[in-house]
Structure formats: structure tokens, C-alpha cells
Amino acid sequence: MKGIISLFFCFSLFIVSFILREADSASQAQNNGIYIVYMGAAASSNGGTRHDQARLISSLIRRNKHAVVHSYNNGFSGFAARLSESEAKSMAQRPGVISVFPDPVLQLHTTHSWDFLKYQTDEKINSSPSSGSDSSLIGADTIIGILDTGIWPESESFNDKDMGPIPSRWNGTCMDGQDFGSSKCNKKIVGARFYEESDDSGTKIAGSARDENGHGTHVASTAAGSPVAGASYYGLAAGTATGGSPGSRISMYRVCTTFGCRGSAIMKAFDDAIADGVDVLSLSLGSSPGLEPDFPSNPIAIGAFHAVEKGITVVCSAGNSGPGPKTVVNTAPWILTVAATTIDRDFETDIVLGGNKLIKGGGINFGNMTKSSVYPLIHGNSTKSNDNVSEADARSCVPGSLDENKVKGKIVLCENLDDGEYFPSDKLDEVKSRGGVGFILIDDDERTVAPKFNSFSAGVVSKKDGNEILAYINSTRNPVASILPTVSITKYKPAPVVAYFSSRGPAYNTPNLLKPDITAPGVAILAAWPGNDTSEALPGQKPPIFNLLSGTSMSCPHVSGIAATVKAVNPTWSPSAVKSAIMTTAIQTNNLKAPITTVSGSKATPYDIGAGEASTSGPLKPGLVYETDVADYLQFLCSVGFNISQIKLISITVPEDFSCPKNSTSELVSNMNYPSIAISSLKENEPKKVTRTVTNTGEEASVYTTVIEAPKGLEVQVIPTKLEFTNKSKKLSYDVSFKASSTSKEDLFGSITWTNGKYKVRSPFVVSSN
């Protein structure tokens, strides 16, 4: 009996000990976060797991079989795992490890636009439609990989009618997931992956490549959607919706959920896309300005580096944090960074004052007011709910500021004096909840981006027009107005205009690299949308199957489509050649044949638009290209603090004779063979010189001469002034020296253009004394 009691006691101790260990393990797991362990290049050019990587993963799995979240083996080496802070610090000291950093959560940067780009291209000197071919034919064998929220495969934009067989080089897959079987893929959607999340116990959360947000569907159809006639947003912007490269295939990598886009999933998607065989990668997401990490802990920069090293062009959005300076993100030199501009379509909401005075406002509303149905018009300042409400809050119609008795049955004029603390929708809801029947917002910025007000009668006006409405209210005993339903207007001028939200340069961490690189349409872009999104439906209407969105998220896939077309026409070109072709053929003028401007009316600078607005046909035959080779990128890594040992772990293509200069500084970045030039710390009468090399892609025998546009106070000299290419000399170099006659507090902008009469190859530059 004692033996039985003793055995029972021992077994009980074992059970208690086991439970305590499991509870401690669960508690530890809950305290652990996901860290990314980056180990540089893959085992070989064909991928594979490195021995040191395998040993680290094995040690983690022995401790906790659910510790490893992702393993990276194709384009680069590393893994994402659940680690404690002390484990992460210890892991960072292991041989072969480049960096260990917490898994960041990045955010999304949230079709007549192509017609406008083609019009702009046709209007450009020395360009014509005949310089390119039908992109639906030439894009047929290029594959665009998109890292986003997923895709809605039933959209007509993803039909594969008349598309040929999927290229035999394609290695991707269509993953089965929740409400998304592999049969949903076709010759248009050739791949669909998703990255399941799991809880601390390792239990997988059901996943799918299906888009539950709409962003990924919109982006994918903008880049490579098939033509769909009769597309519109409830009758607005009607026409044929098509992607930039409708003959290209799409591979979707769902890395984003409703909680954001995990860096570990982004890196896994890069790793998969490299093995799958995409030609272009498009990312409409990124960090917040000022918070973008340096290369060692930046998932997008790391993944993009290895993708570009494998010959894949990577296109990223610049961010939606403008118009302030130093807000641009995704600034690594191997990334093509895209800003946003408007197109020549305006969504016009007419506001009629007193039955006869017409104010042309903006925004999108499907209200039921007519010109004859007038309502009392009142300024927000006259509707304060109580004495504790400030005048500024009432004028801005912020939540809780208006008196229902004063608002009911009226149209309310509101201002924007709250520094962006509240969205236009918040102000509309305040007016609507107090019984208002109409809403007019004075806001220069919002006037340019067509905010949606659905079925409520509302519009946005410029400050100038707003003052006119205020003057009418103040001069009339019983002011009345009506707000008419929105109509879409084409051939609107001026266009393009830099979108107010588009993030601006200079890059806060790389002053000697000009970013953004390029701009493209990103305002009120019509593209495909999930057909079950009732939140976007008008009362009594079916959900829209096309939607209007704004953001650099929308401009990015425009350039991705162009890049795919360029790659299709020039399949042997490197990513840097593709980037160069897009940048050096960009357009700097609007449809008034004047310089592109910002919303305020000032002339746009390269900090706003990079090289300019992307052209659709110019990049197909650019004449000359700037090829940025691996050594340039490695020099960049030297300048940001890497040593040669680390660089050899990062890249498998380090030249044998490569070494970091003894004094590696950011000044070296200016000398990178980049299509633009950025010079910092230029002092009076202390010239600086950079060298560039161009490769002739046009006629074998050709002579180019230089044209310099330089601002007052800056002397720019190019040597030689003439480049003579022959069938034996495809690459030629030139030097550019910059000398300031006086120290300028403002950054100075200009350009260097090489021309042979047929082609114009333009490079913008910026010079700073800081």
C-alpha cells in the first residue's frame, strides 16, 4: 500500500511539475515576440539552407517546436522566430548573423489614368505613340508579383481571355486557403500565396489569398488588369478599365491583414517570389516617415536588395505623409520609389448659391438635390452648441461642436482649422447627426483628391471659392444653396498636380541620394474591387465592382506596369537599366505645357516628383541608360556602416577585389552610377565632382551632346560635353563638377540632359549646402 501511495505521490509530483513547466513555457511564449534573424545571402545562387542557419533553427525547434515562424532559403538566408529579448541579443552575436530585429508591422499606402499618361507622353517632344507597341502583346511573358492584401479572383479584370500559355519558367503556386481554391488561378493570376499567422501555441489561424480589404485587388488590376469595357463607380469615371501592362501575369503574395503588414511575412514573400520567377515586384506599403529603419533591420530594403541581385525590378510607394519634407520612405537605392500626382479628370460637385451663382466644387456625392431645391445655408461658426465650444471648432464642425436646433434642415459650411485632427467624414457625420441636409468643406488639399460622401449631399471647395461662399452668407439676409450630384469631367487643367499627401524628399537618412525617383497617377484611380464589399455600397445598390482610391499605393502599380512592359521589350535589361529608362524619359510639364506644380501652385521640384511623371512609351527606347552595378550598392552598404566581412555574407556577387574605402561616408553615395545626382555640404568656392557612366541602347553610331539647366549661383560643368558612341564603344563616362558662387540656404535644383536629336536622356540634380 505504501508503495502504491509512494508511486501515486511521485506521479502526482511529475504531473504538477509538468503542468508548472508547461505553464511557465506558455507564459514565456506569451512574453516572447517575433524577431527576424537576417543572415545575408542564401547558400548558393540557386538557394538552399545554409549549415549555420540550419543549426540555429534546430536549436530553437528543440526548445519549442513552434518557435520558428518563417524560414528564408531562396533569395537570402534567415528566419523569423519567437524569441525573448535576451535570446534575440544572444542570437545577434552568433556567427553568420547580420542582424536581429523585432518583427515590424508596416502599413498600406492608402482607368483613365493610363489614357492620361499616354496623352502626356504623346505631347512630349520627340515622343510618339509609334515609339511603343501594344502592351497587351508585349507584356505577355512578364510576371508582376504584388505584396498586398490579397486578390479577388472573380473580378473581370483578372479574366485570361486570349492569353497564351503560362511561361514555362514559372515556378510559383496557387495555395489552397479559406474560400480560395487553387482553381481560382488562371493564365492571368498565375500565383497566389498567403502567410498564415499562428498564436503562441503554434495553432494556425485560417488564411487565404482572398482579398478582404480591396487594396490588393485595386493595386493588381491597376498594374496588369485585363481590359473591361463599361467600368465605372456608380456611373462616374465611366470607360474601359485596364492595367498598365494588361498582357502581364499576376502573382499575389498576401502579406497584409486588417492589423497591418508583418515584416516577417514581407521577407518570406520576397524569398518566395525570387524562387517563383517574377520579373517585377510591386509594394504599395512601407514604414512611417522618420521611423524607417536602416538597412540591417528594414524588411523591404533587405528583400528588395536580394530580389534586385536576382534581376527583379522592385517598385515601391513613396508614402502618404506629405507635403512636409523628409517624409519619403522606401529610399534604398535599389528600389524604384514612386510619388503621386493627379490626372486630368475632376469629380465636379456644383454648388448653387441663391439659385443662380455657380461654384465648382469637388468630392463625390450621389445626393438628390436639384438646382431648384434650395435649402438654408449657414456657417459652422453660427451653430455653436454651447459657450464652451471654441470658434475654431465650430467653424471646423468638429464632433460635438454644433447645435442641432441651429443645424437641422440646413446646409452647413465648414472649414479646416483643426490641423488634420479630424477627417472630412468626421465633420460630415457631425452635420448629419445634427439634422443637417448638406455639407460644404473648405479645404484646398481635399479639393484635389475627391473624398467620398456617398448619398449625402456634400462637396469640397477651395479656400478661394470658400471665401466667395462666406461673402455670400455674410451679405445675404436669408442665404440659400443647393449641392448637385457629382459629375466626372475629363481634360481638366492643370494636370498633373502633385498630390498633397504624396511624401517628399529629401530622404532623411540618405541625403546624397535623390528620392522619390518618379511620380505617377495616384488620385481618384478607378480599378477593380471585391464584389462583396457592402461597406462601399450606396443605399439600395449592389456593392461596386470598381472603386476610386487615392494614394501612392495607386501610383506605385502604374510604374510597376510600365516596368513590366519595359522588361518585356528589353528582356536582358537589368533592374537598374529598367529604372534608368523610366527616370530619364520622364515628363516635367503638365497639360498646359507649363512645369508641373504642387497643390499650392508652386513649381514642383525633384523632392516632389523625382525625375518627373512616368512616360508609357519613352522608357521602351531611352537611348542611353545608367546601369547601377552590384559594386555601387556594396559601396552604399560601406557608407552606412557595414564592413567587408558583413558585406560578403550579404551578397554572393561581391567582386574579389572589392573593399570598403578607409573613409566610407555618405559622400560616396553621390558617386553611385544613379540616374539622378544629389550633392550635400557644398561650400562656397569648394567644388565637388561626380562621375557617371552611360550605356548606349540605341543606334550603334551616335553622338550625344549635353544641355545643362542650372540655377543662379551654381556653376555646373560637364566634361566631356560630347559623347561619341560606336559599335565598339557602348559605354562612356563623363564628369560633372558643381561649384557654388555663394552659399545658399535653399537647396538648388537643375538637370543634365544628353541628346542626339532623337533621344533626350535627362537626369535631375539637387545641391545642398547642408
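The values are calculated or read from the model by the stated rules, or taken from the named source; none is laboratory data. On a predicted model such as this, the values are computed, not experimentally measured, just so you know. Note that we place each Cβ from the backbone using ideal geometry, even for glycine, and neighbour counts take in every protein chain shown. Accessible surface is based on the protein model in full, side chains and every heavy atom, while ligands, DNA and RNA are left aside. Shrake-Rupley method; radii C 1.70, N 1.55, O 1.52, S 1.80 Å.
With both labels modelled 7 Å from their Cα along Cα-to-Cβ, the residue 423 to residue 603 distance reads 3.8 nm. For the chain, the mean residue ellipticity at 222 nm estimated from helices alone is -7500 deg cm²/dmol, where every DSSP H run of n ≥ 4 contributes -39500 (n - 2.57) and the total is divided by all residues, rounded to the nearest 500. So for the range 706-755, considering every pair of alpha-carbon atoms, how many percent are separated by more than 14 Å? Counting pairs separated by more than 14 Å, the tail of P(r) holds 57 percent.
With all protein chains in place and ligands, DNA and RNA left out, the 1.4 Å accessible area ranks 393, 419 as 419, 393, largest first. Can you pull the percent of the chain's accessible area that's carbon plus sulfur, 1.4 Å probe, other chains left in place? About 51 percent, which is the carbon plus sulfur part of the accessible surface.
Keeping all protein chains in position, work out how much accessible area residue 529 exposes to a 1.4 Å probe, and write it in Å² to the nearest 10. Approximately 10 Å² of residue 529 is accessible to the 1.4 Å probe.
Among the listed pairs 310/621; 326/432; 410/464; 712/760; 567/688, those with a Cα-Cα distance over 29 Å are 326/432; 567/688. Ligands, DNA and RNA are left out, and with a 1.4 angstrom probe the accessible area of the range 379-442 is 46 Å² per residue. Of the listed residues 100, 280, the order by accessible area with a 1.4 Å probe, largest first, is 100, 280.
For the range 406-419, 3J(HN,Hα) computed residue by residue from phi via the Karplus equation (6.51, -1.76, 1.60; θ = phi - 60°) reads 8, 9, 3, x, 10, 8, 10, 8, 10, 10, 10, 10, 9, 6 Hz, glycine and proline entered as x.
Listed by chain and number, the lysines whose alpha-carbon sits under 22 Å from that of residue 184, ignoring those within fewer than 8 places in the same chain, are 161. Within the same chain, aspartates and glutamates fewer than 8 places from residue 745 are excluded, and of the rest, those with a Cα less than 13 Å from its Cα are 684.
Using r as the Cβ-Cβ distance of residue 478 and residue 373, and R0 as 25 Å, what FRET efficiency do you calculate, to the nearest 0.05? Taking R0 as 25 Å, the efficiency between residue 478 and residue 373 is 0.95.
Taking every protein chain into account, the 1.4 Å probe leaves residue 94 with about 100 Å² of accessible area, to the nearest ten. Extension gain, residue 326 to residue 489, is 55.3 nm, computed as 0.36 nm per intervening residue step minus the present C-alpha separation. Could you work out the Rg to Rh ratio of the chain, with Rh taken as the Kirkwood radius (inverse of the mean 1/r over all Cα pairs)? Using only Cα positions, Rg/Rh for the chain is 1.02. Note on surface exposure: 608, 429 rank 429, 608 by accessible area, highest first, 1.4 Å probe. Between residue 689 and residue 51, the modelled label-to-label distance comes to 4.9 nm, taking each label 7 Å out from Cα in the direction of the beta carbon.
To the nearest µm²/s, what D does Stokes-Einstein give for the range 672-769 at 25 °C and 0.890 mPa s, using the Kirkwood radius over alpha carbon pairs as Rh? It comes out at roughly 174 µm²/s.
Probing with 1.4 Å while keeping every protein chain in the model, the per residue accessible area of the range 474-523 equals 36 Å². For the range 672-769, the solvent-accessible area works out to 48 Å² per residue, with a probe of 1.4 Å and every protein chain left in place. Per-residue surface analysis assigns residue 741 an accessible area of about 70 Å², computed on protein heavy atoms at 1.4 Å probe radius.
Tell me, what is the FRET efficiency for residue 171 and residue 541 to the nearest 0.05, using R0 = 41 angstrom and their Cβ-Cβ distance as r? Efficiency computed from Cβ-Cβ geometry: 0.45. Of interest is the spacing of the C-alpha centroids, which for the range 500-543 and the range 237-256 amounts to 14 Å. Principal axis extents of the C-alpha atoms in the range 629-669 (largest first, rounded to whole Å): 25, 19, 16.
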